[in-house]
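Below is one structure; the comments refer to it alone.
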Amino acid sequence: MSTLALRDRPIRPARVLLHLFLAGTALAWLAPLLWVFYAALRPYSETSAKGYVSWPDKLGLDNFTNAFQQSDMLHYFGNTLLIAVPAVLLTLFLSSMVAFYVSRFDFRLNLALLLVFTAGNLLPQQVIITPLYRLYLLIDLPGVTASGKLYDSALGLVLIHVAFQSGFCAFVLANYMRMLPHELTEAALVDGASVWRMYWQIVLPLCRPAMAALATLLSIWIYNDFFWAIVLISTGENMPITSALNNLSGQYFTDPNLIAAGALLTAIPTLIVYFVLQRQFVSGLTLGANKG
């Protein structure tokens, strides 16, 4: 159908309503973010005198500069990278091996094994706070961590994130690997390829879209984690980036505009990860959509 014919087609009211609904939904989602950005550009003295719903007299980036310096944000960014990068890589590596085993080999307990990994996501994190906290205090790691224990260390956070996220990733990757033709691994097996070579050189490269989608989700989830950092970290200098905003709150006074600027700064890395992996993320979400 030509472009001219498409232009001559009448616009249906249902389509207009659909676009209006989508535009309204997008604005509803963007409104809080735009409001936070507007507040971060204004000095607190102006908003305290005129209110937040007022026309600004001065807009600037002073709050962003002060938030970055006062919270020592660069140090906390480094702490977060030290936790998030190993946790994401380990989670994807271990869960992909589990998914490969349960999807490419037929045995009686393969489904039960996958259910065991997935069941870990159904357990509320708050249920295991006390036993996990006591366990971390009992595990001694002299010379491995600065604290000498698994508690109050980046390694402890990496391990708990790997434990809680591996089930979901194994479930997603197993379903994706089942879509791959079994003839690929059967032909490699006939040619004398080992199990590790089939996993590393044949199946894993074909799972790149699913791995990229999971890497994006894991990066955002682990980066935004605040619960486990509060429970398993006691030293303020070892906290991840989500705790850096606490440094912007004083004992007797809190500047909401400064905190708004700090919150926007902490969101930048997650946006970078999403835009870098956007194409793979979208293709990973639509896997199997056209399969009939």
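The values are calculated or read from the model by the stated rules, or taken from the named source; none is laboratory data. None of these values were measured; they are calculated from a predicted model. Heads up, the Cβs are rebuilt from the backbone with ideal geometry, glycines too, and the neighbour counts pull from every protein chain shown. Keep in mind that these areas ignore ligands, DNA and RNA; they rest on the heavy atoms of the full protein, side chains included. Shrake-Rupley method; radii C 1.70, N 1.55, O 1.52, S 1.80 Å.
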Rounded to the nearest 10 Å², what accessible area does Met179 have for a 1.4 Å probe in the complete protein model?
80
Which one, Leu204, Gly236, Leu90, is farthest towards the positive end of the dipole of region 74-290 when Lys and Arg carry +1 and Asp and Glu -1 on their Cβ?
Leu204
Considering only protein heavy atoms and a probe of 1.4 Å, how much of the accessible area of region 68-218 is carbon and sulfur, as a whole percent?
69
Length-normalised contact order for the chain - Cα pairs under 8 Å, 6+ apart - percent:
28
FRET efficiency for His19 and Asn224 from the Cβ-Cβ distance with R0 = 35 Å, rounded to 0.05, comes out at 0.65
For Phe168, Phe77, Phe21, what's the largest-to-smallest order of accessible area, 1.4 Å probe?
Phe21, Phe168, Phe77
Scan the chain and report its longest stretch carrying no trypsin sites (Lys or Arg not before Pro) that are both in a DSSP loop and have at most 11 other Cβ atoms within 10 Å.
109-290
Spelling it out for Lys149: with amide H atoms placed in the peptide plane at 1.01 Å from N, the residues 5 or more places away or on another chain with amide H under 5 Å from its amide H are Leu141
Spatial separation of Cα centroids for region 163-242 and region 88-109, in angstrom:
9
Have a look at Ala174, Leu265, Phe107 and report the one farthest towards the positive end of the charge dipole of region 74-290, computed about the Cα centre with Cβ charges (Lys/Arg +1, Asp/Glu -1).
Phe107
Assuming 0.36 nm per residue, please report the length gained on full extension of the stretch Lys50 to Ser249 beyond their Cα-Cα distance.
69.4 nm
Using a 7 Å offset from the Cα along the Cα-to-Cβ direction at both Val276 and Glu237, what is the distance between the two label points in nm, to one decimal?
2.8
Rotationally averaged projected area of the chain (alpha carbon convex hull; nm²)
24.6
Where does the chain land at 222 nm, in deg cm²/dmol rounded to the nearest 500, when only DSSP H runs of n ≥ 4 count, each adding -39500 (n - 2.57), divided by all residues?
-21000 deg cm²/dmol
Accessible area per residue for region 74-290 in Å², computed with a 1.4 Å probe and the full protein assembly in place, what is it?
54
